[in-house]
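Some notes on the structure that comes next.
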Amino acid sequence: MAIRIGFIGVGGIAGSHLSRLSQIKEARITALTDVVKEKTAKVAKEYQANAYTDYKEMLDQEKLDAVFICLPPFAHGDIEIELAQREIPFFIEKPVNLYLEKAKEVEKIVKEKKLITSVGYVLRYMDIVEKARDFLKDKKIALILGRYFGEVPGAGKGWYSRKEKSGGQVVEQATHIVDSMRYLAGDIDSLYAQGFKGINKLENYNVEDASIVAMHFKNGALGSLISNWLLSGYQPMLEIITQGIQIQYSVTSLKIISKNKKEEFLVSNNYAALEDEIFIEAVKNNDPSRIKSDYSDGLKTLEVTLVANESMEKKEIISL
Ligand SMILES: NC(=O)c1ccc[n+]([C@@H]2O[C@H](COP(=O)([O-])OP(=O)(O)OC[C@H]3O[C@@H](n4cnc5c(N)ncnc54)[C@H](O)[C@@H]3O)[C@@H](O)[C@H]2O)c1
């Protein structure tokens, strides 16, 4: 049985999902919605799908088995509630919202309906991550250091560089690293953050240029996240310290370093394709067991990043 898929939002990341889904035999790209009519029409033609500018009209007109939500953070909330009420499983790009209360409202109905959901924390699907988790399972983590170094997404022209639309660099981008930290070291129970502004002089820019977040994990580990939008490209990294062993990983490799041994494992899977394949398989078999981040899990990562923003504002240690 083909899985009929709808899209809400057909910008940058939607293009990547569409291209990957077009390679999956069971996936049928059926309908697309974007508020920009010309964009939807162009993409719909490319994928021989039906085009809409109103998602409710798409949901009324089409019989969809799943929807990909590829919207900027500020557009989240009511759309997910509508999909959940209609019992349509969804894949949602990170971050899942900008407001915790709204995300909890979505979570409530998602749970009531036992809906299959998947959140785009794509780094969880790298093969080295499971290797790292396996390696760490009987070890006590003392320190977990994350860094997200990169450029201002969209060259500062779009919604990414507006705090009220994207949430800023921790909520919108470094969220991938926060999520990886949670996936490896568990939940965070308190944090303190500081932001830095004043170097980027872009028009339409009101977010931090750099930030630090000091974290305390429930299991006692200490974490530190350093982010900036002052460089070029995208350089995420994690480092974990446990007794006599240092683990470093990036989006290309995992290194396990001890006094007498240094091992390196290269990322060898197409993890972005895997993320989409697993979601389609989950919908097809009505079995979410291989999905690595569902809506509730994505909400926990969101909470950490929103609390980091709050701490930057209040200059206080905040408990989650
Ligand atoms: N997982 C990843 O690695 C990854 C990579 C890139 C982007 N993303 C995430 O994907 C999301 C979207 O990013 P993007 O770069 O594709 O943004 P984008 O601006 O390129 O695309 C967003 C699209 O949504 C449309 N849109 C906005 N509001 C809408 C609404 N109410 N209804 C329908 N369409 C609407 C816009 O017209 C635009 O076409 C962001 O949250 C971003 O963080 C994730």
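Derivation of every value follows stated rules applied to the coordinates shown; laboratory data play no part. Just so you know, these numbers come straight off a predicted model, no measurement behind them. Positions of Cβ are generated from backbone atoms using ideal geometry, with glycine treated the same way; all protein chains shown enter the neighbour counts.
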Exercise. Which of the pairs K25/K45; K108/K300; K108/K292; K25/K56 have their Cα atoms more than 21 Å apart in this structure?
Worked result: K25/K56
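Can you give me the relative contact order of the chain as a percent, contacts being Cα pairs under 8 Å and 6 or more apart?
Values: 664 pairs, mean separation 62.8, N = 320.
So the answer I get is 20 percent.
Starting from the Kirkwood Rh over alpha-carbon pairs, what translational D in µm² s⁻¹ does the chain have by Stokes-Einstein at 25 °C and 0.890 mPa s?
D = 121 µm²/s.
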Seminar exercise, completed: The extension gain from E26 to Q194, computed as 0.36 nm times the residue separation minus the Cα-Cα distance, is 55.8 nm
For this session: Would you kindly state how much longer the chain becomes between I81 and D287 on full extension, computed as 0.36 nm times their sequence separation minus their alpha carbon distance, in nm to one decimal?
Result: 72.0 nm
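Stick to Cα atoms and the Kirkwood definition of Rh, then tell me Rg/Rh for the stretch 250-289. Each step should come with its number before you reach the end.
Numbers: Rg = 15.9 Å, Rh = 12.5 Å.
Ratio of gyration radius to Kirkwood radius: 1.27.
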Exercise. Can you give me the relative contact order of the stretch 159-248 as a percent, contacts being Cα pairs under 8 Å and 6 or more apart?
Worked result: 26 percent
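Any chance you could tell me what percent of the C-alpha pair distances in the stretch 167-320 go past 21 Å? Kindly include the intermediate steps, with their values, before the conclusion.
On the way: 6462 of 11781 pairs.
Cα-Cα pairs of the stretch 167-320 separated by over 21 Å account for 55 percent.
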For this session: Specify the inter-centroid distance of the stretch 108-178 and the stretch 269-320, based on alpha-carbon positions, in whole Å.
Result: 7 Å
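If neighbour count is taken as other Cβ atoms inside 10 Å, put S232, S180 in order from fewest to most.
On the way: S232 9, S180 23.
By the 10 Å Cβ count, ascending: S232, S180.
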Problem set entry | Residue-averaged [θ]222 nm for the chain, counting only DSSP H segments that reach four residues, each worth -39500 (n - 2.57) | -10500 deg cm²/dmol
Seminar exercise, completed: Out of P73, P153, P89, a Gaussian network model of the chain with alpha-carbon springs under 10 Å gives the largest mean-square fluctuation to P153
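Return E164, E151 ranked ascending by Cβ neighbour count within 10 Å, so the fewest neighbours appear first.
Working: E164 12, E151 17.
Sorted ascending by nearby Cβ count, the order is E164, E151.
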Exercise. Just the Cα atoms of the stretch 1-115, one point each, no solvent: what log10 I(q)/I(0) does Debye give at q = 0.10, 0.11, 0.12, 0.24 Å⁻¹?
Worked result: -0.27, -0.32, -0.39, -1.45
